[in-house]
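Have a look at the structure below, then the notes.
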Amino acid sequence: MLRALPGGRAQEQEEAAADKLALLMALEKKALWLSTWMIHQANHLRPSRDGLKVGGHQASSASVATLMTALYLDVMRPQDRVAVKPHAAPLFHALQYLLGNQSRDKLERFRALGGAQAYPSRSKDGDIVDFSTGSVGLGVGVTLFAALAQDYLRLKRLVPSDTPPGRMIALAGDAELDEGNIFEALLEGWKHDVRNLWWVIDYNRQSLDAVVSDRLFGRIDALFEMFGWRVVTLKYGRLLQTAFARPDGEQLREWIDACPNSLYSALVYKGGEGWREHLRRDLNRYPGIRAILDEHDDESLGRLMTNLAGHDMGSVLDAFHAVTDDQPTCFIAYTIKGYGLPFAGHKDNHAGLMNPQQMASFQQSMGVPAGAEWERFAGLDLPPEELEVFLAEVPLAAKSARRHRPPPLAVPAEIAAPRGRNLSTQEAFGRILGSLATAENALAGRVVTTSPDVTVSTNLGAWVNRRGIFDRAERADTFREEKVVSAQRWGMSPQGQHIELGIAESNLFLLLAALGLAGPMFGARLLPIGTLYDPFIKRGLDALNYALYQDARFIVVATPSGITLAPEGGAHQSVLEPLIGIAQPGLVSFEPAYADELAVLLRWALEEIQREEGESVYFRLSTRPIEQPERTIDAALGEAIVGGAYWLREPAPGAELAIAYCGAVAPEALAACEALREDVPGIGLLAVTSPDRLHAEWRAALARGEPSRAERLLSALRPGAALVTVCDSHPATLSWLGSAAPVSLMPLGVDHFGQSGDIPDLYRVYGIDSDAIIDAAARALLRTAGSVRH
Ligand SMILES: Cc1ncc(C[n+]2csc(CCOP(=O)(O)OP(=O)(O)O)c2C)c(N)n1
Ligand SMILES: [Mg+2]
């Protein structure tokens, strides 16, 4: 890799490179030791209080020791961001420890409360982790969307564009490639022409259960190349390459190339003797091979035969440093799972732990004296001062923030509610965004919308028409140029503020994760709003959970929802999503009924997602136009809407009946309320805008020993009063209210699969129309009167 330089410079550089190689190999050895020791002491030396195995992945860490050491201690620059395969967490922590970014105390508490996490975690391990990982495939996918987010910011000059872009790097396990989300991401990345992306595949040909299929050979590179990636294969290390260059060496290469994964792995485990036996059997007729076998004792033969490029520091450095452009690059690095450890190559080694005897001899071979297990340089042949100087000068260690904290953007004091006698919340959403699109404030410039092929049908049209679609290149709207009439103007340019995705909800949430981390990751806040159909939240649920676990901040607008989408029925009906809204950490959910509520809530959400301790926000909206109340929302009502509930019809003090509803069933609840008023004049009607907020506040209030909002609201009723709850979702969304206040509750809702129909038919069949509410109220009243025993 060295260019000839005048005088002795070339030689000097060569010497410097050799020194660096020696330093990196020493530190790799130390990182491997520390990762192995960290797991060992957590499992064998830390007292167990619960009888559970602590676990940790010694083999998976060993597999990437060379690759990660090369990346962290030489190749990466401060602007690069990495997703480390989940099971390499111990090695990651070891490298951070060597760099002085991780404490011994946390390593000693690996997998214990407050210690280094089992899988790298942005929120729990702190600034050292760029992307959390754990659910395989998602960490790989998110790097692609982070590259897209970085482009979005740079092309708009929201971040400095005169400094080099960061490379978004994923260190992936080979079995992660079985996850469909990776291929969904690849396709999307190709469409968006992503750049500055490196996926380094730890190709150890082992997953959790087994050795992976041989037929995968050759498929992976073709696949990446098809998507415009450069593929760099790191197969054989320098020892093997030297052997291949010897007489008959080609026979050895062909033999290894043809060796089935499972046999190769088994021989790695068996060691020199196993290799000798098989090579003798198959290649003894070649004098060159016989010579190689004669020259190597068992140990050195084992070393030769396992000299894959992914464990050869020189090959790894050459490969990484050779890539200097921004083309997405996949490095397929051949490795051995458990390399350097006694269970190397064994198919059952995924969760394997070295036993105390194995550990003792490993410690001896590493030259680590007893009592010096945590010493950073114990057992290395190089002087500690030299190692210290080297680590201090690692490019990644250059002082620059890995996490930015840009200030929040100002949100206007009010967002005007769209006007109209009959409106659906979905239409109101479209109109609010449409007017935001005309605003000339900084806030509007930071809103970025995205949708998996449902931009038009979730009502983002007006926004997109004004703000345009994001693309690296300027692209005309052909229909418009050809003067074909269309309501949609889809011009594309780097100025565009909508990122159009193909139909893959997992990609939507990974993109929202990346956009929602733009502030901390790249230094410029974005206010991402993603839209999709409510039932398809489940389709991307793990990616949503993943985004939230990393504390990415965004707004999800899910519409249409419930059986209220009526004729579309069946498979498009969402039932349990409001329960996700209640249960999902990191996400506040709302299901408003009216346009003015939505205006208040969207304003609040734009602030909430920017708050230090804030959360992302999920809106469940409907396509059903309903009659809007004529009112102005004062501060108290606004606060109640955000708090989760308010009395739409105030009950008389000590009332014996109330109805609580959520979302698009408001007209049925209102009609039932009016009908029941004749018999129960004091009846109240509670509008629930957020079962989630109400529920969370109830729990918090219980813990504080104070009355909750729900309890305070319902205390207007007489103790033991009847309460009918109704929502277009699973009845459990609201039925918990029966525990928050002393009421006798009748829960209505949808708890089986839907079908097509119109709203009157469907609401009747599923028991959420006004007749059903009246009926339930009558039964609840009877029950409270003690006439019916349950
Ligand atoms: C979505 C998901 N499913 C299952 C698992 C359980 N699991 C953990 S590691 C693993 C196999 C990993 O193999 P590979 O990616 O090749 O990593 P290696 O340990 O071989 O480096 C599986 C199935 C998981 N973490 N995430
Ligand atoms: Mg693997």
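The values are calculated or read from the model by the stated rules, or taken from the named source; none is laboratory data. Nothing here was measured: the structure is a model prediction, and the numbers come from that model. Glycine also receives a Cβ, built like all others from the backbone with ideal geometry; neighbour counts cover every protein chain displayed.
Tabulated results
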item	result
Residue pairs meeting the criteria (Cβ under 8 Å; at least 6 apart or on separate chains; first surrounded by 11 or more Cβ atoms within 10 Å (Cβ to Cβ), in the range 3-21; second modelled with pLDDT under 85)	A10/L2; A10/R3; A10/A4; Q13/L2; Q13/L5; E14/L2; A17/M1; A17/L2
Elements of type strands (runs of 3 or more DSSP E) in the range 444-548, at least 1 residues being among the polar types (S, T, N, Q)	447-452, 527-532
Test: residue in the range 218-229 that is in contact with a Lys or Arg (Cβ under 7 Å, 6 or more places away or on another chain), at pLDDT below 90 and within 16 Å of ligand 1 (Cβ to nearest atom)	no
Residue list for the range 492-545, restricted to those being surrounded by fewer than 24 Cβ atoms within 10 Å (Cβ to Cβ) and of a type in the set (S, T, Y)	S493, Y533
Where a residue in the range 45-67 is without any contact (Cβ under 8 Å) to a residue 40 or more places away in the chain and its partner, wherever it lies, is within 12 Å of ligand 2 (Cβ to nearest atom), with Cβ under 8 Å and at least six apart	S61/H87; S61/A88
Among (1) of a type outside the set (F, W, Y); (2) out of contact with any Leu (no Cβ under 7 Å at 6 or more places or on another chain); (3) closer than 28 Å to L748 by Cβ, the one test that H572 misses	(2)
Helices (runs of 4 or more DSSP H) completely within the range 700-764 that count 1 or more residues being acidic (D, E)	709-714
Members of the range 72-91 found to be under 23 Å from S207 (Cα atoms), touching a strand residue (DSSP E or B) at 6+ places or on another chain (Cβ under 9 Å) and outside any strand (DSSP E or B), listed by number	K85, P86, H87, A88, L91
Elements of type helices (runs of 4 or more DSSP H) contained in the range 101-211, each with 3 or more residues being buried (at least 24 other Cβ atoms within 10 Å of the Cβ) and more than 16 Å from ligand 1 (Cβ to nearest atom)	138-155
Residue within the range 552-565 that is assigned to a helix (DSSP H, G or I) and more than 16 Å from E591 (Cα to Cα) present	no
Total residues in the range 345-362, condition outside any loop (DSSP other than H, G, I, E, B) and surrounded by fewer than 20 Cβ atoms within 10 Å (Cβ to Cβ)	5
Index of the failed condition, Q58 passing every other in (1) more than 14 Å from Q117 (Cβ to Cβ); (2) more than 16 Å from ligand 1 (Cβ to nearest atom)	(2)
Near pairs, Cβ below 7 angstrom, 6+ apart or cross-chain, from the range 268-293 (within 19 Å of D257 (Cβ to Cβ)) to any residue that is polar (S, T, N, Q) and not in a helix (DSSP H, G or I)	V268/T306
Every pair of residues 6+ apart whose Cβ atoms lie under 6 Å, when the first sits in the range 112-127 and is away from ligand 2 (no atom under 16 Å from the Cβ) while the second is at pLDDT below 95	D127/R402; D127/R403
Pick from the range 606-638, criterion acidic (D, E) and under 32 Å from the mean Cα position of the chain (by Cα), ranking: farthest from D728 (Cα to Cα)	E612
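For (1) out of contact with any Gly (no Cβ under 9 Å at 6 or more places or on another chain); (2) of a type outside the set (G, A, S), each residue gets a yes or a no:
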residue	(1), (2)
Q426	yes, yes
N441	yes, yes
T450	no, yes
T455	no, yes
T458	no, yes
Q488	no, yes
G491	no, no
P494	yes, yes
